[in-house]
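The next block holds one structure in the form of structure tokens; read it before the comments.
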Amino acid sequence: MPTSGLHLGLSTLFIRKKLLSEEQIATAIAKSRHSKLSLVSTIVNEKLISARAIAELCYEEYGTPLLDLDEFDVHSIPEDFLNKKLIEKHKCLPLFKRGNRLYIGTSDPTNIAALEDFQFSAGLHAEAILVEDDKLSSALEKVLEEDISALDLDGIDDASLADIEVTDTDKREDDQKADSDDAPIVIYINKILTDAIRKGASDLHFEPYEKRYRIRFRIDGILHEVSEPPVNLSGRISARLKVMSKLDIAERRVPQDGRIKMKLSRTKSIDFRVSTLPTIWGEKIVMRILDSSSAQLGIEKLGYEDDQRTLYEEMLAKPQGMILVTGPTGSGKTVSLYTGLNILNTEARNISTAEDPVEINLEGVNQVHINLKAGLTFASALRSFLRQDPDVVMVGEIRDLETAEIAIKAAQTGHLVLSTLHTNSASETLTRLVNMGVPGYNIASSVNLIIAQRLARRLCPECKQAEDVPEHELKALGFNDAQISEGFTIFKPKGCDHCSGGYKGRVGIYEVMRMSDEIARTIMEGGNSLQIANQAKDQGMRDLRDSGLLKVIHGVTSIAEINRVTSF
């Protein structure tokens with residue numbers, strides 16, 4: 001949490017001035033630690049003292065200059081001093097430089113540690129300037145959370161698109177010359193990439209054929225063609241993308257993998273994972289957009305029903321055991337795992353992950369990129385983790401018996417283990433482990449929770465429309481008598497300027513199965529996945545289909561979409 005929440009100076013001041021009681025201060029400190037907000041922000045949010053009153057009191061008490069942030073242009077802040085890590089850590093904002101002094105906007109002038117950190121980072125003497133906490137919060141949002149979706153590409157000229165920065169410290173001189181000689185391709189590719197980000201695409205496909213070249217975006221899980229450049233530009237487009245990805249331009253015979261970091265604004269950059277594949281008509285290139293903001297989603301935004309979310313949080317709170325997330329590629333498993341890691345990511349825990357590849361960087365988490373050619377496998381990484389005093393271990397995927405055995409051993413010896421498997425349901429995950437060769441008693445004693453999931457497209461709230469479905473069809477679709485008797489409205493997609501074919505965004509559909517004594521007994525007795533699934537349903541678990549139908553009842557998605565992503 002921000003350092004200011006730990007300082008006693010303001011607490012003492014508020015008590016001495018009889019603005020707050022000791023009990024109120026103690027409660028505010030506890031809330032600030034839980035929410036990871038500063039003490040001042042907590043007091044303002046709880047409406048115990050106004051932000052203006054706190055600023056005026058600190059001005060009178062400490063003599064710190066007071067500035068009205070409404071009259072200050074945050075975009076005038078020198079970029080050299082925008083240390084995002086320090087800004088997020090201390091909830092302070094470097095405002096301007098005068099001579100050898102850097103002035104830091106803060107709502108807590110007793111936060112000496114923040115000034116020392118900024119002073120060390122900038123190499124300048126740091127001095128505090130008092131600002132009102134609510135205005136500071138708004139300014140921090142402007143600085144840290146520039147919304148790329150608001151970019152108006154139609155208003156960006158060719159020169160601006162050509163100047164979008166691709167972070168590449170190892171860029172060769174001949175590559176730079178190639179960029180300047182091929183400016184139209186540079187502009188075109190930059191526009192395609194920024195279009196993909198603005199439209200919320202997850203993947204971009206650049207595909208050469210004999211007589212045409214097409215570019216497609218995967219938006220909300222569905223591919224859409226967005227551009228068809230002249231086929232004679234195929235080689236130049238591939239070359240440009242490979243230059244950006246630091247790949248060998250001359251090598252066109254074998255697949256290559258690379259990465260691009262594209263800086264779109266002063267504080268916003270996006271990573272792309274790039275894969276090339278030689279085809280008979282040229283190189284097909286697929287790019288996966290890796291937006292770290294997806295890993296910062298709160299668990300309440302993922303689509304869990306209340307009981308499913310509570311169960312996941314309860315299992316994350318356990319000191320040991322295994323949580324498995326399962327589903328096909330592109331079902332949102334990584335986001336579910338990262339959301340759990342963000343909940344667990346505190347100063348008191350040592351967290352290590354083994355991933356293939358590491359897609360999104362997580363501050364405070366030790367992430368290892370699996371390298372099979374060098375002999376760094378999931379199993380070898382796990383062995384090293386267990387010698388590094390871990391509290392939480394995340395394994396990108398359990399692919400073989402060796403990895404499974406080490407992960408289960410870790411879960412049995414006092415560690416919390418999170419991992420994924422590629423199975424279709426929660427019950428099939430258990431039988432998959434048995435088929436790998438893991439003894440049933442080890443599975444029963446180590447696995448705490450299994451989450452099977454899919455992603456369904458959300459109906460656009462601007463244009464979705466109600467439809468009448470006869471009662472007998474509702475029963476055939478899987479709705480039960482109680483749901484039908486209570487009544488609900490079913491919506492279908494229409495399509496408008498705000499969405500793609502009547503859908504906008506995606507929501508998770510989950511099957512959350514807790515390891516109970518009955519399920520453990522079924523596993524040890526050699527039961528199959530159908531028996532395990534029936535046992536879980538008897539204990540109240542909703543399968544993927546039932547969870548999807550709840551989303552239909554709530555008006556989140558359509559029957560057609562649930563039929564697409566779940567079997568029935």
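The values are calculated or read from the model by the stated rules, or taken from the named source; none is laboratory data. Since the model is a prediction, treat every value here as computed from it, not as a measurement. Glycine gets a Cβ as well: all are built from the backbone with ideal geometry, and neighbour counts include every protein chain shown. In case anyone asks, the SASA skips ligands and DNA or RNA and just uses the protein heavy atoms, side chains included. Shrake-Rupley method; radii C 1.70, N 1.55, O 1.52, S 1.80 Å.
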Lone cysteines in the chain, defined as no other cysteine's Cβ under 4.7 Å from theirs: which are they? 58, 92
Could you run the Karplus curve 6.51 cos²θ - 1.76 cosθ + 1.60 with θ = phi - 60° over segment 527-536 and give me ³J(HN,Hα) per residue in whole Hz, x for Gly and Pro? x, 8, 5, 5, 5, 5, 4, 5, 4, 5
Tally Lys and Arg at +1 and Asp and Glu at -1 over the other residues with C-beta under 9 Å from the C-beta of residue 290: what net charge comes out? 0
What's the local net charge at residue 441, with K and R +1, D and E -1, over the other residues with C-beta under 14 Å away? -1
What percent do you get for the relative contact order of segment 374-493 when only Cα pairs under 8 Å and 6+ apart count? 19 percent
In what order, largest first, do 338, 188, 441 sit by accessible area if the probe radius is 1.4 Å? 441, 188, 338
Here the net charge surrounding residue 378, from other residues whose Cβ is less than 14 Å away from its Cβ (Lys, Arg +1; Asp, Glu -1), is -3
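Direction-averaged shadow area of the convex hull around the Cα atoms of segment 368-452, nm²?
Directional mean of the projected Cα hull area for segment 368-452 stands at 5.5 nm².
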The long-range amide H neighbours of residue 102, using H built 1.01 Å from N in the peptide plane and a cut-off of under 5 Å, are 125, 126, 127
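Using a 1.4 angstrom probe with every protein chain in place, what is the largest-first accessible-area order of 72, 378? Show your work: numbers first, answer last.
Working: 72 40, 378 10 Å².
Highest to lowest solvent-accessible surface, that is 72, 378.
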Could you calculate, for segment 249-399, the ratio of the Cα radius of gyration to the Kirkwood radius, expressed as Rg to Rh? 1.01
So what are the ³J(HN,Hα) numbers for segment 18-32, from phi and the Karplus equation (6.51, -1.76, 1.60; θ = phi - 60°), rounded to whole Hz, Gly and Pro as x? 6, 7, 9, 8, 4, 5, 5, 5, 4, 5, 5, 5, 4, 5, 5
Using every pair of alpha-carbon atoms in segment 240-282, split the distances into 10 Å bins beginning at 0 and state the percent of pairs per bin, rounded to integers. 27, 46, 20, 7, 0
Distance from the Cα centre of segment 511-568 to that of segment 388-450, in angstrom? 20 Å
Amide H to amide H under 5 Å from residue 418: which residues, 5+ apart in sequence or cross-chain, H placed 1.01 Å off N in plane? 323, 393, 394, 395
Cross-link partners among lysines for residue 89, C-alpha distance below 28 Å, same-chain residues fewer than 8 apart left out? 31, 36, 47, 97, 135, 142, 261, 263, 268, 301, 318
Per the charge dipole of the chain (beta-carbon charges, Lys/Arg positive, Asp/Glu negative, Cα centre), the residue among 281, 509, 102 reaching farthest to the positive end is 281
Out of residues 5 or more away from residue 290 or on other chains, whose amide H comes under 5 Å of its own, with H placed 1.01 Å from N in the peptide plane? 271, 272, 273
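What number, in percent, do you get for the relative contact order of the chain if the mean sequence gap of Cα pairs under 8 Å and at least 6 apart is divided by its residue count?
9 percent
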List, in order, the whole-Hz ³J(HN,Hα) value for each residue of segment 282-288 obtained from phi through the Karplus relation with A = 6.51, B = -1.76, C = 1.60 and θ = phi - 60°; use x for Gly and Pro. x, 9, 7, 10, 10, 10, 9
Translational diffusion of segment 4-144, µm² s⁻¹ [Kirkwood Rh, Cα pairs; Stokes-Einstein; 25 °C; 0.890 mPa s]: 162 µm²/s
Principal axes first, then extents: for the Cα atoms of segment 192-285, list largest minus smallest coordinate on each axis, whole Å, largest first. 39, 27, 21
I want to check a number: in segment 426-568, how many lysine pairs have alpha carbons closer than 20 Å, given a sequence separation of 8 or more or different chains? 13
Spherically averaged projected area of segment 450-568 from its Cα convex hull (nm²): 7.9 nm²
